[in-house]
Amino acid sequence: MDINEMRAEVERRQMTCSRIKKMIVSRLDLTMDPEWITDDQSLFGRGLELDSLDFLELAVGVEVEFGVALYESQISVFGSVSTLANAVEPGLRRSRWQPDLQPQT
């Protein structure tokens, strides 16, 4: 992998994380700027303090926004934006998802 490929991969990852943050704020009607959510911040517990209903809404949101189905048995991927990005990125690569071509909500 050369430097340009590495840069492109980093940019894709940043765009995926940014899109996840926007989806979280939008789907859960949070009154905060998506950029205030850090990639490694816990989404449950002491982090954003989300609950089980929020988990269900996020699971639906991930499927709608990214075309990736995640199930209750995979709740650990909802630990942070970073772990969620790790879970959705393989599906995005298989579908050749282009972040800059996706509609923003």
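What follows draws every value from the coordinates through simple rules; no lab data is involved. Model, not experiment: these values are computed from the prediction. Heads up, the Cβs are rebuilt from the backbone with ideal geometry, glycines too, and the neighbour counts pull from every protein chain shown.
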Exercise for review: Going by C-beta contacts inside 10 Å, put Met1, Met6 in order with the fewest on the left.
Suggested key: Met1, Met6
Revision key, fill the gap. Under the rule rounded for a/c under 1.5, else prolate if a/b exceeds b/c, else oblate, using alpha carbon gyration tensor axes a ≥ b ≥ c, the stretch 1-40 is classed as prolate
Check your understanding: What FRET efficiency do you get for Ile75 and Ser26 if R0 is 22 Å and r is their Cβ-Cβ distance, rounded to the nearest 0.05?
Key -> 0.55
**Study point:** Global form of the stretch 1-102, assessed from the alpha-carbon gyration tensor, a/c cut-off 1.5
**Key:** prolate
**Study point:** Sequence-distant residues sharing a close amide H with Leu50 (under 5 Å, placed H)
**Key:** Phe44, Gly45
Point to revise | Per-peptide average of other Cβ atoms within 10 Å, ordering 77-87, 33-43 highest first | key: 77-87, 33-43
Revision key, fill the gap. Expected vector for the stretch 58-70, Karplus 3J(HN,Hα) from phi with 6.51, -1.76, 1.60 and θ = phi - 60°, integer Hz, x for Gly and Pro, equals 5, 4, 5, x, 5, 5, 5, 6, 10, x, 10, 8, 10
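For the residues Arg46, Arg19, Arg7, Arg13, what sequence is obtained by ranking on other C-beta atoms within 10 Å, fewest first?
Arg46, Arg7, Arg13, Arg19
Treat the count of other C-beta atoms within 10 Å as a stand-in for reagent exposure and order Leu58, Leu53 from fewest to most.
Values: Leu58 21, Leu53 9.
By the 10 Å Cβ count, ascending: Leu53, Leu58.
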